[in-house]
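Visitor: If you scroll down you'll find the structure; I have some questions about it.
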Amino acid sequence: MNSTKGVPLVLGLGIAVISFGAILVRLTDVPSLTVAAWRMVFASAVLLPIAVKRGVRLSPRGLALAGGAGLLLALHFAAWIESVHLTTVASSTVLVNTHPMFVGVIMWMLGERSDRALWQGIGLAVAGGVLIGWGDLRLGGPELFGDMLALVGGIAAAGYFVVGRLMRQHGPLLPYITVAYSVAAVVLLIVSAGAAAPALPHGMNWLWIALLALGPQLMGHTSVNWALRRVAAPAVAVAVLGEPAAATLWAYVLFGEPVGLVQGVGMLFILCGILRSLLRRPEAVMGG
């Protein structure tokens, strides 16, 4: 059994880095598919030489799971990045982070039982997320479409978390994320070409996308995948809900997007939900 020592610290740092993702996306001015594709290309380009040098391989089942994770990751980024351009940072990050509910249900169906404390944490964190984005949810127009895309991104993220949890018995972290990120890169490049999106970014977009790859992707998402081998998937998913709270603060500082009393209460709910989910007895945190 893997030790849970250090998981809260690693997750906390990873989520802090991930929270800059929406900010960096907002700074780009090329189509979302181009941003998503090159984000994954850069991340894969860093990992592939390291993985080849170490020569660690996955089992056939592990390879299939990693490929499936890559497909889900591609869908997640394609939907979420487009949503950031159509709605506010608060709504986009809140809706894409509804995944703990889906993760909890899927893992329950797969036999990984979650205790009452975890479901309480999920409830608190999701309620906090709803409060953060409530004032921005629209009834029509491009904002509503952006909200719907963010929700699709959240469902894809749930599948990605579940696959990451299942991978714990089928190979180490490095080859898993290398295959997953590379598959996502190839899929996104193909889809962006089919959608007639620009093949290459331009100008400052190269910098923003490179920072997305190095920060939120390689540092942030990889820390989440590391935690999935040590902590129950729903607990990790709840912890990632710290992203909308942090992203909302960054959006206020950098873009002037307002943070009201209700959003502040939502952030408090998220923090309480994260603490409730992670600060439980070790055997409950680990899951089945």
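The values are calculated or read from the model by the stated rules, or taken from the named source; none is laboratory data. All of these numbers come straight from a predicted model, not from anything done at the bench. In this analysis, Cβ positions are derived from the backbone assuming ideal geometry, glycine residues included, and neighbour counts consider all displayed protein chains.
Visitor: Counting only residues that are within 19 Å of the chain's Cα centre (by Cα) and surrounded by 20 or more Cβ atoms within 10 Å (Cβ to Cβ), which one in region 251-271 is nearest to residue 22 (Cα to Cα)?
Guide: 251
Visitor: Need pairs with beta-carbon distance below 6 Å; first residue without any contact (Cβ under 8 Å) to a residue 60 or more places away in the chain and within region 65-87, second not basic (Lys, Arg); sequence gap 6+ or separate chains.
Guide: As it stands, the answer is 81/25; 81/32; 81/35; 81/36, since those pairs meet every condition given.
Visitor: Also, quick follow-up: Identify the residue in region 91-112 that is of a type outside the set (Val, Ile, Thr) and under 17 Å from residue 216 (Cβ atoms) and, among all such residues, is surrounded by the most Cβ atoms within 10 Å (Cβ to Cβ).
Guide: 92
Visitor: Scan region 93-114 for residues that are farther than 14 Å from residue 238 by Cα and either in a loop (DSSP other than H, G, I, E, B) or under 12 Å from the mean Cα position of the chain (by Cα) (or both) and report the count.
Guide: 4
Visitor: Give just the number: which of (1) modelled with pLDDT under 85; (2) out of contact with any His (no Cβ under 8 Å at 6 or more places or on another chain) does residue 58 not satisfy?
Guide: (2)
Visitor: Of everything in region 180-192, what is more than 17 Å from the chain's Cα centre (by Cα) and either at pLDDT 90 or above or of a type in the set (Phe, Trp, Tyr) (or both)? Give them in sequence order.
Guide: 186, 187, 189, 190
Visitor: (1) surrounded by 14 or more Cβ atoms within 10 Å (Cβ to Cβ); (2) closer than 25 Å to residue 231 by Cβ: which one isn't true of residue 35, the others all being true?
Guide: Of the numbered conditions (1) surrounded by 14 or more Cβ atoms within 10 Å (Cβ to Cβ); (2) closer than 25 Å to residue 231 by Cβ, the odd one out for residue 35 is (2).
Visitor: Now for a different question. Take the residues in region 10-22 that are part of a helix (DSSP H, G or I) and within 22 Å of residue 72 (Cα to Cα), then tell me which one is modelled with the highest pLDDT.
Guide: 17
Visitor: Let me ask something else about it. May I ask you to list the residues in region 23-37 that are assigned to a helix (DSSP H, G or I) and farther than 11 Å from residue 77 by Cβ?
Guide: 23, 24, 26, 27, 34
Visitor: Sort out which residues of region 194-214 are assigned to a helix (DSSP H, G or I) and over 24 Å from the mean Cα position of the chain (by Cα), and write them in order of number.
Guide: Passing the criteria: only 194.
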